[in-house]
Amino acid sequence: MNSEDLYQAVFRRKSVRNYDSSTLSLETLQEIENSILKLTPLYPDIKTEFRIVPGELIKTRMMKSSPHYLLAFSEKKEGHRVNVGFMLQQMDLYLSGRGVGTCWQGIPQPKKEALATSSLDYQILLTMGKPQEALHRGSIQEFRRKSLREITDIPDVEELLEPVRLAPSSTNSQPWYITGSAELMHFYCRQPNRLKALFVGKFNQIDMGIALYHLNLSAEHFGKKVEFFKDDVAAQSGPSGYYYVESVRLEG
Ligand SMILES: Cc1cc2nc3c(=O)[nH]c(=O)nc-3n(C[C@H](O)[C@H](O)[C@H](O)COP(=O)(O)O)c2cc1C
């Protein structure tokens, strides 16, 4: 699946929470393993590992179970959660485009046998299986999302930022705000209040990585070259109530 296929998947994907209890074929699981090897990191200096484990190795904690889970592990370093979001969103889109149901989930927890599959720190998982509900959305109207004006003040970037607007996020919080220009964008994350910080604080950083990956795909679709970097000035001057995450230079 190429990046244009992943871009197209953005406009149809949805979280799937109801699964057939049968397992995916060995061939499909092997294809999934192969695409894990091709994941692109946002921050290449952070070590990550991804493991497929069976449903029995997960404590679902009230969530419906799925036959397979894709677990993300990372070393703990500045930006590691944003990096995991950026990488695992490639799998969310790949799986959706490939006909496999999937859902980001922070609530279920791996049992110790699953944690033992990596020496790195467990971060988050994706459910995987044959869907027992619609796999895709039929139209953009089926997405419950903020309007473009609620997530940016940059003029004339509707098409470029549409994939960011449609990105999935924990509790559908859509914590992103983007300032700057069509050529230089600064991504900020809403600072959760103290109570919310306990539940969604770390997931919001994963959300930001997801949004950055959607921008990456959109830029490629529109033939632009993308460079991610930290901008010291932007880091000091975001909208109030938001913290700085990343800047993006777009050329072409
Ligand atoms: C980091 C993260 C954690 C999430 N955790 C859960 C979860 O524990 N349980 C759940 O049912 N959905 C979870 N979700 C799915 C979101 O609720 C879902 O993506 C959002 O409501 C948007 O809906 P959509 O994915 O169908 O577009 C999570 C999503 C993200 C990105």
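Taken over the range 141-150, the criterion of being within 19 Å of residue 9 (Cα to Cα), in contact with a helix residue (DSSP H, G or I) (Cβ under 9 Å, 6 or more places away or on another chain) and open to solvent by 40 Å² or more (accessible area, probe 1.4 Å) is satisfied by 144, 145.
Exactly one residue among 98, 81 is touching a residue at least 60 places away in the same chain (Cβ under 8 Å) and either in contact with a strand residue (DSSP E or B) (Cβ under 9 Å, 6 or more places away or on another chain) or hydroxyl-bearing (Ser, Thr, Tyr) (or both), and that residue is 81.
Note on the range 1-50: residues that are away from the ligand (no atom under 16 Å from the Cβ), free of Cβ contacts under 8 Å to residues at least 60 places away in the same chain and closer than 16 Å to residue 87 by Cβ amount to 13.
Among the residues of the range 90-99, is any open to solvent by 40 Å² or more (accessible area, probe 1.4 Å) and not assigned by TED's automatic domain parsing to the domain that holds residue 235? Checked the range 90-99: at least one residue is open to solvent by 40 Å² or more (accessible area, probe 1.4 Å) and not assigned by TED's automatic domain parsing to the domain that holds residue 235.
The residues of the range 30-63 that are surrounded by 13 or more Cβ atoms within 10 Å (Cβ to Cβ), assigned to a loop (DSSP other than H, G, I, E, B) and out of contact with any Gly (no Cβ under 6 Å at 6 or more places or on another chain), listed by number, are 39, 41, 42, 46, 47, 60, 63. If I filter the range 91-103 for residues that are more than 9 Å from the ligand (Cβ to nearest atom) and farther than 19 Å from residue 33 by Cβ, do I get at least one hit? Looking for residues that are more than 9 Å from the ligand (Cβ to nearest atom) and farther than 19 Å from residue 33 by Cβ, one finds none in the range 91-103, hence no. Within the range 151-167, if we keep just the residues that are in a helix (DSSP H, G or I) and under 20 Å from the mean Cα position of the chain (by Cα), the residue that is surrounded by the most Cβ atoms within 10 Å (Cβ to Cβ) turns out to be 164. For residue 138, the conditions (1) part of a helix (DSSP H, G or I); (2) open to solvent by 40 Å² or more (accessible area, probe 1.4 Å) all hold with the exception of (1). Looking only at the range 142-154, decide whether some residue is free of Cβ contacts under 8 Å to residues at least 12 places away in the same chain and either closer than 18 Å to residue 84 by Cα or in contact with a Leu (Cβ under 8 Å, 6 or more places away or on another chain) (or both). No, the range 142-154 has no match at all. Here residue 187 fulfils each of the conditions (1) in contact (Cβ under 8 Å) with a residue 24 or more places away in the chain; (2) open to solvent by 20 Å² or more (accessible area, probe 1.4 Å) apart from (2). Among the residues of the range 95-107, are any among the hydroxyl-bearing types (Ser, Thr, Tyr) and not in a helix (DSSP H, G or I)? Yes, some residue in the range 95-107 is among the hydroxyl-bearing types (Ser, Thr, Tyr) and not in a helix (DSSP H, G or I). Taken over the range 194-220, the criterion of being within 23 Å of residue 153 (Cβ to Cβ) and open to solvent by 10 Å² or more (accessible area, probe 1.4 Å) is satisfied by 205, 213, 216.
With the requirement that a residue be touching a Cys at 6+ places or on another chain (Cβ under 7 Å) and crowded, with 19+ Cβ neighbours inside 10 Å, what does the range 8-29 give you?
Just the residues of the range 8-29 that are touching a Cys at 6+ places or on another chain (Cβ under 7 Å), to begin with: 15-17.
Across the range 8-29, the qualifying residue is only 16.
Do you know which of the residues in the range 168-194 that are part of a loop (DSSP other than H, G, I, E, B) and within 15 Å of the ligand (Cβ to nearest atom) is farthest from the chain's Cα centre (by Cα)? Here the answer is 192.
Which is open to solvent by 20 Å² or more (accessible area, probe 1.4 Å) and on the phi > 0 side of the Ramachandran plot, of 171, 179?
On the way: 179 fails: on the phi > 0 side of the Ramachandran plot.
It is 171.
The values are calculated or read from the model by the stated rules, or taken from the named source; none is laboratory data. Since we're looking at a predicted model, the values are computed, not measured. All Cβ positions, glycine included, derive from the backbone under ideal geometry; neighbour counts span all protein chains shown. SASA here: full protein model, heavy atoms, side chains in, ligands and nucleic acids out. Shrake-Rupley method; radii C 1.70, N 1.55, O 1.52, S 1.80 Å.
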